[in-house]
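What follows is a short report on a single structure.
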Amino acid sequence: MWAGKVEDMTTWDPAQYLRHAGHRARPFADLLARVGDLPAAAPRIADLGCGPGTVTTVLADRWPTAHITGYDNSPEMLARTEAYAGPTPGGGRLDFAHADATEWTPAQTYDLIVSNAALQWVPGHLDRFGDWVTALAPGGTFAFQVPDNIDAPCTP
C-alpha cells in the first residue's frame with residue numbers, strides 16, 4: 001500500500017493489510033485480466049505500491065520469465081517482501097525497492113507498469129503519468145486501478 005507523502009499516513013501495518021489479502025487480490029486479478037501480451041519474451045515489470053509483495057508474486061505467475069520490481073515507500077511493507085525476492089521458478093526475478101510515487105521516475109524501460117489500489121494515496125498522481133508512459137517499451141502497457149470509494153471513510 002503506497003502512502004505517498006501524505007503527512008498523516010507515515011506508517012502502514014502489514015498485518016492489518018494482510019487481514020484483507022483476498023479482497024485486495026481480486027481487483028488486481030481483474031486488472032491483469034485486461035492486460036494483453038507484453039512486447040518482450042522476458043519482460044521488465046514495475047509494480048507501483050507493491051505493499052507486502054503478496055500480489056506482486058501474481059505477476060511472476062502470469063509472466064514467469066519477467067524481471068519484476070515492486071516499489072513501495074513503506075519500510076514496514078518492504079520488510080515483508082523479503083520472503084518473495086529472488087529468482088522465480090520460470091527463470092524470472094522478483095526484486096523490491098523503496099520509492100515514492102510522487103517522485104519515482106523510471107530509470108529504465110518497462111514492458112508493464114502496474115499499480116493496484118495505491119495511486120489514490122499519491123497526491124498529484126495524474127502529473128506522474130507522463131513520465132511513466134514515456135518509460136514504456138514500444139507496445140508496453142501502463143495498467144492501474146484505484147478504488148471508487150471517495151465518499152467512504154478511509155484509514156491506512
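A few comments on the model shown:
- If you go through segment 70-112 and pick out every residue that is at pLDDT 95 or above, among the β-branched types (Val, Ile, Thr) and closer than 19 Å to Phe144 by Cα, you end up with 1.
- Tally, over segment 113-130, of residues that are under 12 Å from Gln145 (Cβ atoms) and either at pLDDT 85 or above or touching a Phe, Trp or Tyr at 6+ places or on another chain (Cβ under 7 Å) (or both): 5
- Per-region count, segment 69-108, residues more than 20 Å from Thr134 (Cβ to Cβ) and among the β-branched types (Val, Ile, Thr): 2
- Failed criterion for Ala33 (all others in (1) on the phi < 0 side of the Ramachandran plot; (2) within 12 Å of the chain's Cα centre (by Cα); (3) at pLDDT 75 or above hold): (2)
- Per this entry, Asp37 is not counted among residues that are surrounded by fewer than 14 Cβ atoms within 10 Å (Cβ to Cβ), over 22 Å from Ala137 (Cα atoms) and charged (D, E, K, R).
- Checked against (1) in a loop (DSSP other than H, G, I, E, B); (2) of a type in the set (Asp, Glu); (3) modelled with pLDDT of 95 or more, Glu7 passes all but a single condition, namely (3).
The values are calculated or read from the model by the stated rules, or taken from the named source; none is laboratory data. Bear in mind the structure is a predicted one, so any value in this text is a computation, not a measurement. Quick reminder, even Gly has a Cβ in these numbers, built from the backbone with ideal geometry, and neighbours come from all protein chains shown.
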